[in-house]
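Below is one structure, written out as structure tokens; comments come after it.
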Amino acid sequence: MTLNAVLCGCGAMSKGWLRALKQTPALAESIEVTGLVDVNLAAAEALTSEFGLNKAAIGTDLSSVIAKARADIVFDVVIPAARFNVVSTALKAGCHVLSEKPMATSLAEGAALIDLAAETGKIHAIIQNRRFISGVRRMRRFVESGAIGDVTAIHCDFFIAPHFGGFREDMDNVLLLDMAIHTFDAARFVAGKKPLAVYCVERNPKGSWYRHGASANATFEFTDDVVFTYRGSWCAEGERTSWESQWRLVGSKGMLTWDGDQTFRAAVAGEETGLLRGVTPVDVPGAERDEETHGHASVIAGFVDAIRTGKRPETASSDNITSLAMVFGAIESARTGKRVEISA
């Protein structure tokens, strides 16, 4: 059965969604985009032309387009401030919803959307696409293998300088809310632990072209005494890291590092005597389960499978709210200068 989809929000980010649909045969067979919604009709019209969606209904009112398009699902790609209204409208109209991150602009709104999805019996998931890249999946499998013992700490560095223009440059807490959530979500996924508390320092450094919060340093306490640290900046010109951050996983027996691109290194203690015992390299298995490492396409495929089988998608809002709680905990800590407990 083909699912009819309405895409709400036709800005630059929507193209990644549409490319994933078009370039993935299984998704192209499963989903037909029958409606496009945007406050700027010209943006919707441009997408219909670029992606061959000339039969799709177009409009500025989501409810109206849902009805015209006979929608089963809504892809929510609007700016964060509009998310709650869009998701609420779609769920109440009987549609399953896959949203951009962050899933809400507050934990209260996020909880309300989870409750509404349960009340309407619809799937509500988040396009936490960077969980579905090869490197993150490889780290998770390596941790599960026990090769470096029990994980005790995860350290991530993110230093990059994108000049987006548009809404991001006017956002509050831009790094934490718009980008760091990817690394926060991946860290708890890789560790397999629950976040308990955070202490964070946030700044908008000299030279920043963002209005607020372009850098942050956060220390999270996870269950089982695991610590996760994040150092990041979105206005760090010069030698940059990967978009996926640079990672160091410390275990009870050894360490794993990942440069965020192709390079993995792992080692446990060597057999030398003296102050330092040297190292014994450990092989890091290559990529597996290729079907899970296609970013947007993998998340959308999981969403469709959940609709058809009734099982909970990996990025269900009821799970993703924990990553959102990490973000808002860090924001609250930065605002108050205090350690903040995480309750979601």
*Listed candidates (1) 59, 47, 40; (2) 97, 56, 42; (3) 75, 42, 39 - label of the one calculated as Cα extents along the principal axes in Å*: (3)
*What length, rounded to one decimal in nm, is gained on full extension from E50 through to A28, with 0.36 nm per residue of separation minus their alpha-carbon distance?*
6.3 nm
_Cβ-based exposure ranking for L116, L275, L47, in which fewest neighbours within 10 Å come first_ = L275, L116, L47
*Treat each spin label as a single point 7 Å out from the Cα along the C-beta direction, and report the K253 to A161 distance in nm.*
4.3
_Hypothetical label at S145: residues of the stretch 217-254 whose amide nitrogen lies under 17 Å (7 Å Cα-Cβ projection)_ = 248-254
*Net charge, S233 excluded, C-beta distance under 10 Å - Lys, Arg +1, Asp, Glu -1*: +1
*What is the extension gain from T152 to E169, computed as 0.36 nm multiplied by their sequence separation minus the C-alpha to C-alpha distance, in nm to one decimal?*
2.5 nm
*Sorting K122, K68 on the 10 Å Cβ count, fewest up front, what's the list?*
K68, K122
*Pairwise label distance in nanometres, M1 with R70, each label 7 Å out on the Cα-Cβ vector*: 1.3
_Just to verify a number: FRET efficiency for A112 and T263, C-beta to C-beta distance, R0 = 35 Å, to 0.05?_
0.25
*How big is the charge dipole of the stretch 115-217 about its Cα centre, in debye rounded to the nearest 20, if each Lys and Arg gets +1 on its Cβ and each Asp and Glu gets -1 on its Cβ?*
380
*Roughly what % of DSSP beta bridges within the chain run antiparallel, to the nearest 5?*
55
*As a check on your grasp of the helix formula, calculate [θ] at 222 nm for the chain: sum -39500 (n - 2.57) over DSSP H runs of n ≥ 4, divide by the residue count, round to the nearest 500.*
-10500 deg cm²/dmol
*Dipole of the stretch 3-122, positive end: most advanced residue of L107, A90, L47 [Cβ charges, Cα centre]*: L47
*Going down the list K92/K122; K68/K101; K22/K55, which pairs span over 19 Å between their C-alpha atoms?*
K68/K101
*Sort C156, C235 so the one with the fewest other Cβ atoms within 10 Å of its own Cβ comes first.*
C235, C156
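Throughout, read-outs are computed from the coordinates displayed, never taken from laboratory work. Note that the structure is a prediction, hence the values are computed from the model and not measured. Glycine also receives a Cβ, built like all others from the backbone with ideal geometry; neighbour counts cover every protein chain displayed.
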